[in-house]
Amino acid sequence: EDPSSSSSTQNSVAPELPGFYYDPEKNRYFRLLPGHNNHNPLTKDSIQHKAMECKRLRLLEEEEKQKKTIRAGLNSSVLLQKRQLGLLSSTSYCRLVHELKVNCMQRKKIEIHSPDSSVAGTNNFKIIVADVACERIFTVNDVEHGGCKYGIINLSGLGKESLTVEMYDNLYFTNRKVNSVCWASLTHPDSHFSLTHFSKLCLMGIAETPGCASLLPASLFSSTNPGDRPGMLCSFKISTAWSCAWCLNPQANNCFSTGLTRRVLVTNVVTGHRQTFGTSSDVLAQQFATQTPVLYNGCRSGEIFSIDVRQRNRKGQSWKATRLFHGSAVTSIHLMEAEHYLMAADMAGKIKLWDLRTAKCVKQYRGHHNEYALLPLHVNEEEGLLIAVGQDCYTRIWSLQDAHLLRTIPSPHPSSKDAIPSVVFSSRLGGSRGVPGLLMAVKQDLYHFSYN
């Protein structure tokens, strides 16, 4: 049973009556009142929330007792025996071992230390994004008076028994809410942030007000030589911004894109040249290909299309290349390593794997829950895993190979709109000698789910 789904077993016990709730324990009907009512708290929302909270607590208890459901026949001794008998290829064996280890991951809370004692643990995490080597994660935290503040967490401490990490914060950039972030590369890999509001990370401005795109040096968050820190490399005002992406292809060097309301803006941060592509819908998700200077875009209308950024946008000219269609707003896209396949998620909770050569959906990953949120996908092809956090605050892990749901991880905190976890998964958290596992940021806490 999907832990996110509300209990609907009363249909098999008693017929459902409009405006009434059947309590199987008391064997009677109770009248429901619309919305929230202080005098009679028995509303549909309160019943669903209570049922979800009971399931979350039950799953947390099962997690602690290591009573998770594992695919039948999946254990280390059987896998090793099949491998020795030649019944499993090296690729299949490694994939199944990772699947087994994912089911054995245990949660541990991480202590966050900071040169400034006022930084760590004072604001809720909103977004965490790891660099290419997974040595650092960039954090966006909500602040009480509105807007966001940014920081960088050094993950080198994850290899130690104490599971401590260091956090460096920069309190200067606190003006707007951030919609999107990505690591960027100017002088060397991951030297900046591009925000649709940021610089070598891309952050986006809040949707209801004029936005801002900024490129920030990562050295701003260094604890060394605070007086010599460089300023923002690039910052400009834009219309309502939703997404951002940095291009690593040399044919579009030093370019990043911002997905706006009904248009795409591609900017060269060195020359300042900008190119605009008009769209019929808001662009909520973006990613550049690495083998070609092609930008993939996911829209609120459900359309996914690609743009070759080398071409010039002329009126009356069709510049859209690959076109795919979802039935709901596309919230996240991920181009697979060989760039023949594209993973996409939408606001109907559907996750689909598309073959870009035939423009057909070849796989669906079921169980994801989303209705309105911009939630990212995390794909680890090396270990054959897909990770996504649902609007119901459950983190789900699927097998890329057969779309089997491997594990559903409940949030350590009660489910709410402001407590949706942000996660990072890597086989080398902390760098080349790092440890495999999942990082989860929720509320003011950071957790590490490590391979056992």
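Hey, among the residues in the range 123-171 that are outside any loop (DSSP other than H, G, I, E, B) and basic (Lys, Arg), which one's least open to solvent (accessible area, probe 1.4 Å)? Of everything passing the filter in the range 123-171, Lys149 is least open to solvent (accessible area, probe 1.4 Å). The residue list Leu356, Leu342, Leu375 contains one member that is within 22 Å of Glu303 (Cα to Cα), within 14 Å of the chain's Cα centre (by Cα) and surrounded by 15 or more Cβ atoms within 10 Å (Cβ to Cβ), which is Leu375. Could we say that Glu383 is of a type outside the set (Ser, Thr, Tyr) and open to solvent by less than 10 Å² (accessible area, probe 1.4 Å) here? Taking the combined requirement at face value, the residue satisfies it.
The set of residues in the range 374-428 being assigned to a strand (DSSP E or B), free of Cβ contacts under 8 Å to residues at least 60 places away in the same chain and either among the hydrophobic types (A, V, I, L, M, F, W, C) or on the phi > 0 side of the Ramachandran plot (or both) consists of Leu377, Val379, Leu386, Ile387, Ala388, Val389, Trp398, Leu405, Phe425. Can you find a residue that is at negative phi, assigned to a strand (DSSP E or B), outside the structural domain of Ala51 (by the TED database) and surrounded by 20 or more Cβ atoms within 10 Å (Cβ to Cβ) anywhere in the range 359-370? Looking through the range 359-370, at least one residue is at negative phi, assigned to a strand (DSSP E or B), outside the structural domain of Ala51 (by the TED database) and surrounded by 20 or more Cβ atoms within 10 Å (Cβ to Cβ). Within the range 429-443, being assigned to a strand (DSSP E or B) and either open to solvent by less than 20 Å² (accessible area, probe 1.4 Å) or not aliphatic (A, V, I, L, M) (or both) holds for Leu429, Pro436, Gly437, Leu438, Leu439, Met440, Ala441, Val442. Inside the range 269-295, residues that are open to solvent by 30 Å² or more (accessible area, probe 1.4 Å) and either under 25 Å from the mean Cα position of the chain (by Cα) or within 16 Å of Gln311 (Cα to Cα) (or both) make up a count of 8.
With respect to the conditions (1) modelled with pLDDT under 70; (2) open to solvent by 100 Å² or more (accessible area, probe 1.4 Å), Glu16 lacks only one, and its number is (1). Could you go through the range 90-113 and let me know if any residue there is in a loop (DSSP other than H, G, I, E, B) and at pLDDT 90 or above. Yes, the range 90-113 has at least one match. Filtering Arg396, Arg310 for residues that are of a type in the set (Lys, Arg), open to solvent by 10 Å² or more (accessible area, probe 1.4 Å) and in the same structural domain as Thr267 (by the TED database) leaves a single hit, Arg310. For the range 327-338, residues that are within 22 Å of Asp402 (Cβ to Cβ) and not hydroxyl-bearing (Ser, Thr, Tyr) total 6. The set of residues in the range 58-77 that are modelled with pLDDT of 80 or more and more than 21 Å from Gly437 (Cα to Cα) contains only Arg58.
The values are calculated or read from the model by the stated rules, or taken from the named source; none is laboratory data. Here the structure is a predicted model, which means the values were calculated and not measured. Because the Cβ atoms are built from the backbone with ideal geometry, glycine has one as well, and the counts that use them run over all protein chains shown. Quick note on the areas: whole protein, heavy atoms, side chains included, nothing else; ligands and nucleic acids left out. Shrake-Rupley method; radii C 1.70, N 1.55, O 1.52, S 1.80 Å.
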